[in-house]
Amino acid sequence: MNDGIQEDLKAARETCWINEQMYPFSEEKERLLLKREDIEDASKRLARFAPLIAKLFPETAKDHGMIESPLREIAAAKEELGKKCGELPKGRLLLKCDSHLAIAGSVKARGGIYEVLKHTEELALAYGILKEGDSYEKLLEYRDFFAEYKVQVGSTGNLGMSIGIMSAAFGYQAIVHMSADAKEWKKKLLRARGVTVKEYADDYGRAVIEGRKLSDADPKSYFVDDEHSKDLFLGYAVAGERIKKQMEEQQITVDETHPLFVYLPCGVGGAPGGITFGLKQIWGDFVHCFFVEPVQAPCMMAALASEKGSGICVQDLGLTGKTEADGLAVGRASQLVYEMMRHVLDGAFTVEDEKLPGYMRLLNDTEQICIEPSSCAAFEGYTAMLHSPESTARYDEIMKKAEGATHILWATGGSLMPEEIRLELLGKA
Ligand SMILES: *Cc1c(COP(=O)(O)O)cnc(C)c1O
């Protein structure tokens, strides 16, 4: 790992890491474990389930059971950010509102829900409940069958909400193993939906180990494995084709002279990694993705900068892994995502917890959009882009591109926040 980055990481100082080992995506994609066809397969599966989703969750009926979020220009927020944060890239600024995805109110509505659907399809096909060509609405009659099965997951909060809500809707016994970072309101919401919540005084890693152990001991239990799941990753990756359509509708061009810069909050890596993979399939080297992590939990930056993947954790750097950004409180990155991103991700940033409420208020006051603190990490990549002290040929090349680019902040959660929590975080309680 480069000395400067290592010192910054250890000191929990905000920093920027630029990937010096980017390969042309057209070549790299041939070497990657997952392919474009895998995303297409996921997309078709989501389409098969869409009529059923529309029935189970009437709020999705207007989109015919497709779970998708708006893409909004946030020019007023950009202007205010310019006053507070100094020089910003010139191009337009948009917000991808996965904070407002139906059902789960976070980016986890992509990967988490997809994985529950895939498991359900496999189970239903294996037991002859579904045959090819059947309408999936039929599954609504099999609640008693699914009630014999368990779905379990370890979570800092939002993954638990997406898996828990979706599993409970089918009739499964849903069990969510929550780390100490998980917010009380998320546990309460899950219990109200009939989900069993097990709490651990330890971090996310421990919740996953315990959850997996209990699930593996039970042949009728399925464990959603955030660190290794290809299904979660592919569910997220479908975002690429979806946002392509929205960009076309809004007549925003992405090409050699009009690059796209995307900033994504990162925990274990699945959500931002899957989305990056989906975007790269659409726009290749014209899209530049950056992850943003808390200064105390920069597991993916450590994995990439050290080239050790999941062989390094933030505690190895003397960090606590503790952060107010509960969705990002992960100490060790996913090896699968590390391998998928090594030569694909342009860079990563870290952010101090203290800055997140400020970004949250700014967005709320200028655009009347409310997202949770974790989700606000995306702002930091954008505001810090032109201010990194580092200067290498690669960095300077990126800076030049950033100037003329369209920028997207990927908002990852928040719409299920209870009113009193929202007001408290906004300082308006
Ligand atoms: C889970 C989550 C992320 C990051 O997803 P990972 O797959 O853990 O990297 C980002 N923001 C929020 C709000 C989340 O809940």
inquiry  = Going residue by residue through the range 273-283, is there one that turns out to be open to solvent by 10 Å² or more (accessible area, probe 1.4 Å), among the basic types (Lys, Arg) and more than 16 Å from the ligand (Cβ to nearest atom)?
reply    = no
query = In the range 207-257, how many residues are over 30 Å from Asp285 (Cα atoms), within 16 Å of the ligand (Cβ to nearest atom) and touching a Phe, Trp or Tyr at 6+ places or on another chain (Cβ under 6 Å)?
reply = 1
request  = Assess whether Phe291 counts as being touching a helix residue (DSSP H, G or I) at 6+ places or on another chain (Cβ under 6 Å) and over 22 Å from Asp98 (Cβ atoms).
outcome  = no
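Per-residue answers, yes or no, for (1) in contact (Cβ under 8 Å) with a residue 24 or more places away in the chain; (2) among the aliphatic types (A, V, I, L, M); (3) open to solvent by 10 Å² or more (accessible area, probe 1.4 Å):
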site: Glu354; (1), (2), (3): no, no, yes
site: Pro357; (1), (2), (3): yes, no, yes
site: Leu362; (1), (2), (3): yes, yes, yes
site: Glu367; (1), (2), (3): yes, no, yes
site: Ser374; (1), (2), (3): yes, no, no
site: Phe379; (1), (2), (3): yes, no, no
site: His387; (1), (2), (3): yes, no, yes
site: Thr392; (1), (2), (3): yes, no, yes
query = Regarding Met161, is this residue at pLDDT 95 or above, open to solvent by less than 40 Å² (accessible area, probe 1.4 Å) and within 16 Å of the ligand (Cβ to nearest atom)?
reply = no
note = Exactly one of Glu390, Glu397, Glu419 is over 14 Å from Ile18 (Cα atoms) and either more than 16 Å from the ligand (Cβ to nearest atom) or touching a strand residue (DSSP E or B) at 6+ places or on another chain (Cβ under 6 Å) (or both), and that one is Glu419
remark   = Cβ pairs under 6 Å, 6+ apart or interchain, first in the range 313-336 and acidic (Asp, Glu), second more than 11 Å from the ligand (Cβ to nearest atom) and at pLDDT 95 or above, ordered by first then second residue, are Glu324/Asp353
ask   = Of the conditions (1) aliphatic (A, V, I, L, M); (2) touching a residue at least 40 places away in the same chain (Cβ under 8 Å); (3) open to solvent by 10 Å² or more (accessible area, probe 1.4 Å), Ala402 fails just one. Which one is it?
value = (3)
message = Take the conditions crowded, with 18+ Cβ neighbours inside 10 Å, part of a loop (DSSP other than H, G, I, E, B) and either at pLDDT below 95 or on the phi > 0 side of the Ramachandran plot (or both) and apply them to Val344. Does it pass?
response = no
query = For the subset of the range 365-387 comprising residues that are charged (D, E, K, R) and outside any loop (DSSP other than H, G, I, E, B), which member is nearest to the ligand (Cβ to nearest atom)?
reply = Glu380
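The values are calculated or read from the model by the stated rules, or taken from the named source; none is laboratory data. What you see is a predicted model, and the numbers here were worked out from it, not measured in a lab. Using ideal geometry, Cβ is built from the backbone for each residue, glycine included, and neighbour counts are taken over all protein chains shown. Heavy atoms of the whole protein, side chains included, go into the accessibility calculation; ligands, DNA and RNA do not. Shrake-Rupley method; radii C 1.70, N 1.55, O 1.52, S 1.80 Å.
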